[in-house]
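Student: One structure follows; several queries about it will come next.
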Amino acid sequence: MQVKQLKERLLNSNLFKDSFWAVFGNGAGNALLLLAGIIIARFLGKDLYGEYGVVKTTMFYVASFATFGLGFTSTKFIASSIQEHPFHVKNIIQDALWITLSFSVSVALVLFVFAPQIADYLEEPKLVLSFRALSIVIVFKALSTTQIGILSGAKKFKEVARNNLCAGFSLLVLSVPLTYLGGLRGSLLALLLSQAFNVLVNCLSIRKIEAMYERQENFSYKKKLLQFSLPVALQESSFAFSHWMAIMLLTKLSSMGELGLYSASSQWSTIVYMIPSLLGNVVLSHLSSTVSDGNAHQSTMRKIIMVNLLCTFVPFVFVYFMAGFISSFYGTSFAGMPSVLRILTFATIFDACSTVFRSELMAQGRPWTLFVIRLIRDLLLVILVYVLLTIGKGENGAIFYSWSVVSVSVISFFLSLGACKMSPFNSPTN
């Protein structure tokens, strides 16, 4: 009887439904991305895959900054507006996309112009064309990030899951022939086309939402969105710049091969951390919707922390003990991958809890507090990577980088926990 009641409660829970679609659809999409990554790694080998990792990592880091924080901000504003000011929803959608497009194009132009200098710094002049092609990918990635934020704010997690699954499938299908025929350039072309496809399917989903609301004339949310997004954008820029610098240090002080090991291992780290990552927008959307209800707010936090811990620890144990078997799929050039994989995935346990605390700070309207925590974490990462790689004299660069990631994840966890304890929702008056 208790099992039946629990089942009925879960099926009637909006949080459970949204979480299910976020995990199921996006999880399948990430699995397809992982499979595509393995195929690309086998075709390219460790060194060329390192170059692919430089370009792809640069794309994700720069694109996260190029959204100007609108991925999270649009989720909060849309979720709150639907509850309080539904006649402003269409205004928020259009203004958020306009800001993202304008800012991402500006960032892409800078990357396009300075591509030769970046390639020279890496002592890889042949990457100039790749970085310039990357500037186009950044615009699509930034737009898709904000689009997902908009759909999440409207609690359209089923649509987000379906769209991400389609994008992952498109990358897998395109990667095989294009990488086989064109090598590194072919794999980058597949990445570009899959991102463009993701923007297209997200656009179709957003148009359905816009059709439900009328735009209020002569009312702009641009200023409000920019004001709230400024600290979020600073967080993203801090994250993007520091991680990009750390990758550059790994490349300069160690080798492309070590970067290839790290890039391959980070894919599995992403899989271990998948559920907490996918639930990020779900948690933020629900916390923002219940911001005036302290009991519901705290209940949601407790549930998600337990879910995140369980859903991270189980895959962590699997990856830890199967690291040798996993690395065998990548080929003989990835012989040093198991140690890197075991170390790097350990950080996900701390990140799983930190994700909830970050959503809490965003829902509480404390993005500047979150910025300070992220800035400390990011600065420490660059410092640790430099110090450890220097001490190691370029040897075992991927291992030293992974230990740096673990260290800053632990520090970030305790800083986020301390900040949330100071939140008004943890005061006795609630």
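The values are calculated or read from the model by the stated rules, or taken from the named source; none is laboratory data. Just so we're clear, the structure is a prediction, and the values are computed from it rather than from any experiment. Neighbour counts are summed over all protein chains in view; Cβ atoms, including those assigned to glycine, are modelled from backbone coordinates with ideal geometry. For accessibility, only protein heavy atoms count, side chains too; no ligands or nucleic acids. Shrake-Rupley method; radii C 1.70, N 1.55, O 1.52, S 1.80 Å.
A quick yes/no check of all residues on (1) at pLDDT below 80; (2) in contact with a strand residue (DSSP E or B) (Cβ under 7 Å, 6 or more places away or on another chain); (3) open to solvent by less than 40 Å² (accessible area, probe 1.4 Å); (4) not aromatic (Phe, Trp, Tyr):
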| residue | (1), (2), (3), (4) |
| --- | --- |
| Leu230 | no, no, no, yes |
| Ala246 | no, no, yes, yes |
| Thr251 | no, no, yes, yes |
| Leu259 | no, no, yes, yes |
| Ser277 | yes, no, no, yes |
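Student: Of the residues that make up region 146-155, is at least one assigned to a helix (DSSP H, G or I), free of Cβ contacts under 8 Å to residues at least 60 places away in the same chain and open to solvent by 50 Å² or more (accessible area, probe 1.4 Å)? I'd like the intermediate steps shown before the answer.
Tutor: Narrowing region 146-155 to residues assigned to a helix (DSSP H, G or I): 146-153.
Checking which are free of Cβ contacts under 8 Å to residues at least 60 places away in the same chain leaves us with 147, 151.
Filter again for open to solvent by 50 Å² or more (accessible area, probe 1.4 Å), leaving none.
Within region 146-155 (the criterion being assigned to a helix (DSSP H, G or I), free of Cβ contacts under 8 Å to residues at least 60 places away in the same chain and open to solvent by 50 Å² or more (accessible area, probe 1.4 Å)), the answer is no, since none of the residues qualifies.
Student: If you don't mind, another one. Go through region 86-125 and count every residue that is surrounded by 14 or more Cβ atoms within 10 Å (Cβ to Cβ) and either modelled with pLDDT under 80 or not hydrophobic (A, V, I, L, M, F, W, C) (or both).
Tutor: 11
Student: Quick one: what pairs do we get from region 200-226, first residue more than 26 Å from Ala161 (Cβ to Cβ), second at pLDDT below 85 and open to solvent by 60 Å² or more (accessible area, probe 1.4 Å), C-beta under 6 Å, 6+ apart or different chains?
Tutor: Gln216/Phe87
Student: Now for a separate question. Restricting to helices (runs of 4 or more DSSP H) lying wholly in region 299-410: which have 2 or more residues that are of a type in the set (D, E, K, R) and either open to solvent by 20 Å² or more (accessible area, probe 1.4 Å) or under 28 Å from Ser238 (Cβ atoms) (or both)? Outline the logic, then answer.
Tutor: Values: elements: 323-327, 337-363, 367-392.
Because the criterion is at least 2 residues that are of a type in the set (D, E, K, R) and either open to solvent by 20 Å² or more (accessible area, probe 1.4 Å) or under 28 Å from Ser238 (Cβ atoms) (or both), the helices (runs of 4 or more DSSP H) in region 299-410 that meet it are 337-363, 367-392.
Student: For region 170-182, which positions are without any contact (Cβ under 8 Å) to a residue 60 or more places away in the chain and of a type outside the set (Val, Ile, Thr)? If you could, list the steps in order and put the result at the bottom.
Tutor: Our first condition is that a residue be without any contact (Cβ under 8 Å) to a residue 60 or more places away in the chain; within region 170-182, this holds for 170, 173-174, 177-178, 181-182.
Answer for region 170-182, where residues must be without any contact (Cβ under 8 Å) to a residue 60 or more places away in the chain and of a type outside the set (Val, Ile, Thr): Ser170, Leu174, Pro177, Leu178, Leu181, Gly182.
Student: Right, another one. Answer with yes or no whether Gly365 is more than 17 Å from the chain's Cα centre (by Cα) and closer than 29 Å to Gln298 by Cβ. Spell out how you get there, then give the answer.
Tutor: Working: more than 17 Å from the chain's Cα centre (by Cα): yes; closer than 29 Å to Gln298 by Cβ: yes.
Yes; evaluated as a whole, the condition is true for this residue.
Student: If you go through region 211-228 one residue at a time, how many are within 22 Å of the chain's Cα centre (by Cα) and either open to solvent by 50 Å² or more (accessible area, probe 1.4 Å) or among the small types (Gly, Ala, Ser) (or both)? First the steps, then the outcome.
Tutor: Taking region 211-228 and keeping what is within 22 Å of the chain's Cα centre (by Cα), we get 225-226, 228.
Now narrow it down to the ones that are either open to solvent by 50 Å² or more (accessible area, probe 1.4 Å) or among the small types (Gly, Ala, Ser) (or both): 226.
Final tally of qualifying residues: 1.
Student: For region 164-173, indicate whether the set of residues that are under 18 Å from the mean Cα position of the chain (by Cα), of a type in the set (Gly, Ala, Ser) and at pLDDT 85 or above is non-empty.
Tutor: The answer is no; no qualifying residue exists.
Student: Between Ala196, Ala167, Ala142, which is part of a helix (DSSP H, G or I), touching a residue at least 60 places away in the same chain (Cβ under 8 Å) and either over 30 Å from Phe87 (Cβ atoms) or open to solvent by 50 Å² or more (accessible area, probe 1.4 Å) (or both)? Steps first, answer last, please.
Tutor: Details: Ala196 fails: touching a residue at least 60 places away in the same chain (Cβ under 8 Å); Ala142 fails: either over 30 Å from Phe87 (Cβ atoms) or open to solvent by 50 Å² or more (accessible area, probe 1.4 Å) (or both).
That would be Ala167, the only listed residue that is part of a helix (DSSP H, G or I), touching a residue at least 60 places away in the same chain (Cβ under 8 Å) and either over 30 Å from Phe87 (Cβ atoms) or open to solvent by 50 Å² or more (accessible area, probe 1.4 Å) (or both).
Student: Looking at region 82-105 only, could you name the residues that are polar (S, T, N, Q) and touching a residue at least 24 places away in the same chain (Cβ under 8 Å)?
Tutor: Here is the first cut: in region 82-105, the residues polar (S, T, N, Q) are 83, 91, 94, 100, 102, 104.
Selection gives Gln83, Asn91, Gln94, Thr100, Ser104.
Student: I've got another one for you. Go through region 177-188 and give me each residue that's surrounded by 18 or more Cβ atoms within 10 Å (Cβ to Cβ) and more than 21 Å from the chain's Cα centre (by Cα). I'd like the intermediate steps shown before the answer.
Tutor: First, the residues of region 177-188 that are surrounded by 18 or more Cβ atoms within 10 Å (Cβ to Cβ): 178-179, 184, 186-188.
Leu178, Thr179, Leu184, Gly186, listed by residue number.
Student: Return yes when Ala133 is modelled with pLDDT under 80, under 21 Å from Leu200 (Cα atoms) and either among the β-branched types (Val, Ile, Thr) or open to solvent by 10 Å² or more (accessible area, probe 1.4 Å) (or both) and no when it is not.
Tutor: Details: modelled with pLDDT under 80: yes; under 21 Å from Leu200 (Cα atoms): yes; either among the β-branched types (Val, Ile, Thr) or open to solvent by 10 Å² or more (accessible area, probe 1.4 Å) (or both): yes.
Criteria met by Ala133.
Student: Further, regarding this structure: Do we have Ile138 as under 17 Å from the mean Cα position of the chain (by Cα) and within 15 Å of Val54 (Cα to Cα) here?
Tutor: Working: under 17 Å from the mean Cα position of the chain (by Cα): yes; within 15 Å of Val54 (Cα to Cα): yes.
In short, yes.
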